[in-house]
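*Asks:* Starting off with a structure, shown below.
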Amino acid sequence: MSYKVIVIGAGVVGAATALSLVKERHQVTLIDRDSPCAGASFGNAGAIVNGSCVPTAMPGILFDVMRMLSQPHSPLTIKPSYFPRILPWLLRFVLQSRQGKVVENSVNLHALSVHAVESWHSLINNTDLSSLLRETGWLKVYEHQQTFAGTQKSRELLDLVGTPYEILSAAEIQDLEPNLAPIYQQGFYQKDSLSITNPERLVTGMVDLFIAGGGHYQQFDVTSVEAKSDGVTLEGPQGQLSADKIVLTAGAFSGNIAKQLGDSIPLDTERGYHLMMSESNKELLNRPVVNAEQSFVLSPMDTGLRMTSQVEFAGLKAKPNYDRIRALLPSAKRMLPAVDTEEQSAWMGFRPSIPDSLPVIGHSTTSQRIIYAFGHQHLGMTLAAVTGLTVADLIANRKSKVSLTAYRANRFNTL
Ligand SMILES: Cc1cc2nc3c(=O)[nH]c(=O)nc-3n(C[C@H](O)[C@H](O)[C@H](O)COP(=O)(O)OP(=O)(O)OC[C@H]3O[C@@H](n4cnc5c(N)ncnc54)[C@H](O)[C@@H]3O)c2cc1C
């Protein structure tokens, strides 16, 4: 059966969803208030981490947060005026750090991420876009044994769900990345992960494929939405649109729209930053490398070397503060001595985050015409293709690879 479907939000999740749906011959309109890939999908580190399963709220997170907030160059900040707003979210987040919840969240994250790479291949294979995905693996490096030892619980989760990884010696790190300073004693390597050489080109390329496949793109800012028994109506400054079904993929901005539809979901944003450094740096690394001690990533892109970092709780409206990521430039130089740290551009984006580190994927609690697909936190590039394909299963009323119970919209109603 073919439906008239509107997908709201043309980030990586919306683009992957729209492409999956148009392949199944639905009449699909992808809308965005801005141009495609204007949100978080533009500026990330581009890692597709297969089998990723470590939720952000791990045992001991409360102490980690308090310690980080007191450090001068901390990767975590909370804007003081935003503290009262984020407090309920943080309390839920801390509750998710209990051992039983951590294991449950890890298993449910893995149930999606184990399909990450195969889903990307299935969505864009045999198109020019597949050349944007490189088989580089995902590498984290540790200067101090003590920091590496602190990842024991994360490695136990990986072992539990069966995600493969290798522990590398100093010499093995140098073999993979000869330009890194020889200061790293231990490495952690997920060999079967991919990296995206240009996230923006991947997303806009998917939108182009979607249009070539018969889809329609429209600039439209959704301000209100109403689901009735015979269809769904969207309103915005550009007028009115209607459809049989809608898919909400507006990333960190999905909360208000879901609320209008009767679902109050604890979605907030972990703001993150990047700095682009000169194009001349792009051959220095073969893959994204995480500096584990200082929580930043150096990711080689076809436009230059990108440094990504920071989790900032400051909501959707506060201005960016680039100083914190700029303060990491000396650390980037220490890590990669040949790097030219001259800044080409700076960016801030909104990770869409829910306290249990799981997205919402599934029907709204009030209407089978509404499908949610948002809240992919630190893993939206990883999980977009599997999400898009899963939404297509849902609309076709087919059994999907992944059972969706854990990602339901009302899972926080009792907490
Ligand atoms: C610094 C940083 C590094 C990251 N690194 C990685 C990584 O290496 N690997 C990984 O897997 N993930 C990574 N992520 C996370 C990833 O980028 C996000 O999870 C992902 O981009 C979210 O995609 P999305 O499509 O849900 O949201 P977005 O890309 O934000 O797209 C949402 C879209 O909805 C539109 N929209 C919003 N409101 C409306 C409205 N009312 N009407 C119409 N349109 C609307 C917006 O304009 C936007 O285009 C990183 C994130 C950051 C910030």
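*Asks:* Please list, ordered by first then second residue, the pairs with beta carbon atoms under 9 Å, 6 or more apart or interchain, first in segment 396-415 and under 17 Å from L95 (Cα atoms), second exposed (fewer than 11 other Cβ atoms within 10 Å of the Cβ).
*Replies:* R411/T405
*Asks:* Enumerate the pairs (first residue in segment 233-247 and free of Cβ contacts under 8 Å to residues at least 24 places away in the same chain and in a strand (DSSP E or B); second residue anywhere and charged (D, E, K, R) and surrounded by fewer than 20 Cβ atoms within 10 Å (Cβ to Cβ)) with beta-carbon separation below 7 Å, excluding pairs fewer than 6 apart on the same chain, so at least 6 apart or on different chains.
*Replies:* What qualifies is T233/E226.
*Asks:* With a cut-off of at least 2 residues that are more than 16 Å from the ligand (Cβ to nearest atom) and among the small types (G, A, S), name the helices (runs of 4 or more DSSP H) lying wholly within segment 139-229.
*Replies:* 170-176
*Asks:* Now, a different point. Can you work out which of the residues in segment 274-288 that are more than 22 Å from the chain's Cα centre (by Cα) and of a type in the set (D, E, K, R) is farthest from E312 (Cα to Cα)?
*Replies:* Taking the candidates together, the pick is E283.
*Asks:* Taking only segment 46-85 into account, find how many residues are away from the ligand (no atom under 16 Å from the Cβ) and buried (at least 21 other Cβ atoms within 10 Å of the Cβ).
*Replies:* Residues that pass the stated criteria total 1.
*Asks:* Could you please tell me which pairs satisfy a Cβ distance under 6 Å, a separation of 6+ or placement on different chains, a first residue in segment 35-58 that is over 15 Å from V297 (Cβ atoms), and a second residue that is of a type in the set (F, W, Y)?
*Replies:* Sorted first by the residue in segment 35-58, then by its partner, the pairs are A57/F93.
*Asks:* Pull out all pairs, ordered by first then second residue, where Cβ-Cβ is under 9 Å, the residues are six or more apart or on different chains, the first lies in segment 275-286 and is surrounded by fewer than 14 Cβ atoms within 10 Å (Cβ to Cβ), and the second is assigned to a loop (DSSP other than H, G, I, E, B) and not basic (K, R).
*Replies:* S280/D340; E283/N179
Rundown of residues vs (1) more than 28 Å from F148 (Cβ to Cβ); (2) more than 9 Å from the ligand (Cβ to nearest atom); (3) among the hydrophobic types (A, V, I, L, M, F, W, C), yes/no style:
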| residue | (1), (2), (3) |
| --- | --- |
| S278 | yes, yes, no |
| N281 | no, yes, no |
| L284 | no, yes, yes |
| R287 | no, yes, no |
| Q294 | no, yes, no |
| D302 | yes, yes, no |
| S309 | no, no, no |
| L316 | yes, yes, yes |
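*Asks:* Run down A318, A252 and say which single residue is part of a helix (DSSP H, G or I) and within 28 Å of Q71 (Cα to Cα).
*Replies:* Criteria check complete, one pass: A252.
*Asks:* Being assigned to a helix (DSSP H, G or I), among the charged types (D, E, K, R), on the phi < 0 side of the Ramachandran plot and more than 11 Å from the ligand (Cβ to nearest atom): is that true of D263 here?
*Replies:* Considered against the rule, which asks whether it is assigned to a helix (DSSP H, G or I), among the charged types (D, E, K, R), on the phi < 0 side of the Ramachandran plot and more than 11 Å from the ligand (Cβ to nearest atom), D263 comes out as no.
*Asks:* Test L305 against the criterion of being farther than 30 Å from A227 by Cα, under 20 Å from the mean Cα position of the chain (by Cα) and free of Cβ contacts under 8 Å to residues at least 40 places away in the same chain, and give yes or no.
*Replies:* Criteria met by L305.
Just so you know, all these numbers are worked out from the coordinates, no wet-lab data involved. Worth saying up front: this structure is predicted, and the values here are computed from it rather than measured. In this analysis, Cβ positions are derived from the backbone assuming ideal geometry, glycine residues included, and neighbour counts consider all displayed protein chains.
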